[in-house]
2 protein chains.
Amino acid sequence: MQDIEIGLVGVGKIVRDQHLPALTESRDFQLVATADPSARLEGVPGYDSLTAMLEAHPELKAVAICTPTHLRYSQARIALEQGRSVLLEKPPGATLSEVADLVELAERQGCTLFAAWHSRFAPGVAQAREWLREQRINRVEIDWREDVRVWHPGQAWIWEPAGMGVFDPGINALSIATKILPRAFFLRDARLWVPSNCQAPIAAALTFSDMEGTPIVADFDFRQPSPPIWSIHVETEAGRLSLLQGGCRLELNGECLLEADEREYPGLYARFAELIRKRRSDVDLAPLRHVADACLAAWREPTEPFIE
Amino acid sequence: MQDIEIGLVGVGKIVRDQHLPALTESRDFQLVATADPSARLEGVPGYDSLTAMLEAHPELKAVAICTPTHLRYSQARIALEQGRSVLLEKPPGATLSEVADLVELAERQGCTLFAAWHSRFAPGVAQAREWLREQRINRVEIDWREDVRVWHPGQAWIWEPAGMGVFDPGINALSIATKILPRAFFLRDARLWVPSNCQAPIAAALTFSDMEGTPIVADFDFRQPSPPIWSIHVETEAGRLSLLQGGCRLELNGECLLEADEREYPGLYARFAELIRKRRSDVDLAPLRHVADACLAAWREPTEPFIE
């Protein structure tokens, strides 16, 4: 029953790679139109702006906003003011203040607002969360390292402040950690290494702890030769749980509990449909708040210039 | 009726200069004890730790936490877990995540949590807010400049990341602006000037706008020769409202509407008493969130080293 008419705002790489395939197989959504001044999807009515798309398609119940981060707030506002439900790609905004405002607006309008942290829909995340709920945790290690030249070729924007540098992948790790760990945690120390010709960090070393003093250390690095490392290790009284390959593989004491192909976006859209049907919102600010906290409290060290 | 027994946590300059005189004249509070490992107030029972103070004084209904920012979270947690109401000096925490957690804890415990933005209790703030509520606003200029050598002599901590540099006074301006302006506003651009031997900015130029596109520009600078400038100018269709001298003087088109001595802390404690009696909390994250947003999205420029 593809009964939720949806429009895509911004037709870029993430839409072609992830949103379009997920919507094509979705049982909930029907892709009706796109809005982008310079790109179209074949076979789908395209409009130059969100406003034009909404005007032409009053039947649209929802929009997914996949534009560059700094455009998302004003677009989400337009959609919510017209009573449409909104999915925000990660991160949900360029600033926390904008997202807090959208949460209030969605509440007033009775619309669904969904801050879509796609990494939370990786295959092993739900089981890791379930398993950890009952455990006594001694230490958490988050390693999120990849070669920026391989994974972000030619993306000069990533080195501007709003591009967030290594926090662009790192926030995915934080979105998983805040989902699977049973208690909130708080920044204790942050070191950022910023190339002398850039504004955003190429590497970050963060130390958190929860209210019981459990250490949670995170290393984000864009200077990792391939293959990438996207791992979270949780030392517990009952053994070492490892979420590997960005969440596709789950191990306990080195033995495989689960291994599956990445299917984040189908899960993400199923969740969006559930939220719309229940008339609820899901906006967890924690991952972006941790990045903002790190930027607020970090020691910054200049490092060698980055030349792609 | 001084019926609210209160303890002070951290006995430093702000306590002697502001909290103690305000509590001495308060009709609501009775100062019962202090907690500080290395300082006492004459005539008031002193303890080395918050825990020791709470144990010795089960009658304490409230505590005011005036310790360095990085200590506040764990102390506030202890007090809330024991069912005491908590006032947090500004800023309410070293990170937004900590403050968000305290808000949840206070709710669960049914205790009052008060993030005390003292500048909001400056004499002209309430009238400025009232007057602006009905106005059409064209532009806002926030100028907050002072000589760091005069106002923060020997305070090396202010140049560490958590010290926030020029945001330490600047957050006072943001706490007033978020109080008097009728609509929320959002960061559009931030430039920070950071001395090459420091971690925190000596000057900041921030541009915000609200959802109607009203420009709000803020200039914070620690390099201002005396006298300091602590002003907010609001251009409206009905004239130019100026809140001057940190909020002690209010002008409309250059004519004085109000001028009064600074009495922020008596007002702040009256508000805390009201919240306790009504069993409510008041934690507005907006000022700290704007600073975190600025740190997240700022262009940073190195500037000459700061030598006191």
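Details
- Close amide H partners of B:ARG240, meaning residues 5 or more places away or on another chain with modelled amide H under 5 Å apart, are B:ASN253.
- Equivalent ellipsoid of chain A: semi-axes from √(5λ) of the C-alpha gyration tensor, largest first, are 32, 23, 18 Å.
- Sulfur and carbon atoms: percent of accessible area, the protein assembly as shown [1.4 Å]: 48 percent
- Computed over all pairs of different Cα atoms, the Kirkwood value for the hydrodynamic radius of the stretch B:165-305 is 16.9 Å.
- Folded to 0 to 90 degrees: helix B:264-278 orientation relative to chain B principal axis, Cα: 60 degrees
- Highest-first arrangement of A:29-36, A:65-72, A:232-239, where packing means the average Cβ count within 10 Å: A:29-36, A:65-72, A:232-239
- Three-way shape label, the stretch B:111-211, alpha-carbon gyration tensor, a/c 1.5: prolate
- Shielding by partners - mean other protein chain Cβ count within 10 Å, residues of B:93-102: 6
- Other-copy label distances relative to B:ARG191, 7 angstrom Cα-Cβ extension, nm: 3.2
- For the stretch B:4-116, average projected area of the Cα convex hull in nm²: 6.3 nm²
- Residues of the stretch B:173-193 whose accessible area, computed with a 1.4 Å probe over protein heavy atoms, drops by at least 40 Å² once all protein chains are present relative to their chain alone are B:PHE186.
- Compared with the dominant principal axis of the Cα atoms in chain B, helix B:286-297 is inclined by about 60°.
- When only alpha carbons are used to place a centre, the stretch B:93-163 and the stretch A:266-308 end up 25 Å from one another.
- For the stretch B:146-162, heavy-atom accessible area (probe 1.4 Å) falls by no less than 40 Å² from the chain alone to the full protein assembly at B:PRO161.
- In nanometers and ordered shortest first, the copy-to-copy spacing of the A:GLU42 label point, defined 7 Å from Cα toward Cβ, is 8.7.
- For chain B, Cys with no neighbouring Cys Cβ under 4.7 Å: B:CYS66, B:CYS111, B:CYS198, B:CYS248, B:CYS256
- Buried between A and B is an accessible area of approximately 2800 Å², summed over both sides with a 1.4 Å probe.
- Complex-versus-alone comparison for the stretch B:204-233, residues with a loss of 30 Å² or more in accessible area, probe 1.4 Å: B:MET211
- Hydrodynamic radius (Kirkwood) for the stretch A:230-305, which is based on Cα pairs only, to one decimal in Å: 16.1 Å
- Between this copy and the others, label points of A:GLY213 are 5.7 nm apart in ascending order, each placed 7 angstrom from Cα in the Cβ direction.
- Share of pairwise Cα separations in the protein assembly as shown, more than 45 Å, in percent: 20 percent
- For the protein assembly as shown, adding -39500 (n - 2.57) for each run of n ≥ 4 DSSP H residues and dividing by the number of residues yields -9000 deg cm²/dmol at 222 nm.
- For the stretch B:133-182, the solvent-accessible area of protein heavy atoms averages 41 Å² per residue (probe radius 1.4 Å; ligands and nucleic acids excluded).
- The phi-based Karplus calculation (6.51 cos²θ - 1.76 cosθ + 1.60; θ = phi - 60°) puts the 3J(HN,Hα) values of the stretch A:180-194 at 8, 7, x, 10, 4, 9, 9, 5, 10, 7, 9, 10, 10, 9, 10 Hz, whole numbers, x for Gly and Pro.
- Between helix B:96-109 and chain B there is an angle of about 40 degrees, using the helix long axis and the longest principal axis of the Cα atoms.
- Legend: residues A:HIS19, A:HIS57, sorted from most to least accessible area (1.4 Å probe; ligands, DNA and RNA excluded), read A:HIS57, A:HIS19.
- Sites A:GLU160 and B:ALA184, calculated FRET efficiency, Cβ-Cβ separation with R0 41 Å, nearest 0.05: 0.95
- The tail of the calculated P(r) for the stretch A:64-164 beyond 23 Å holds 46 percent of all Cα-Cα pairs.
The values are calculated or read from the model by the stated rules, or taken from the named source; none is laboratory data. Since the structure is predicted, the reported quantities are computational estimates derived from the model, not experimental observations. Reconstructed Cβ throughout: ideal geometry from the backbone, glycine too, with neighbour counts over all protein chains shown. To get the accessible areas, we keep the full protein, side chains included, count just its heavy atoms, and leave off ligands, DNA and RNA. Shrake-Rupley method; radii C 1.70, N 1.55, O 1.52, S 1.80 Å.
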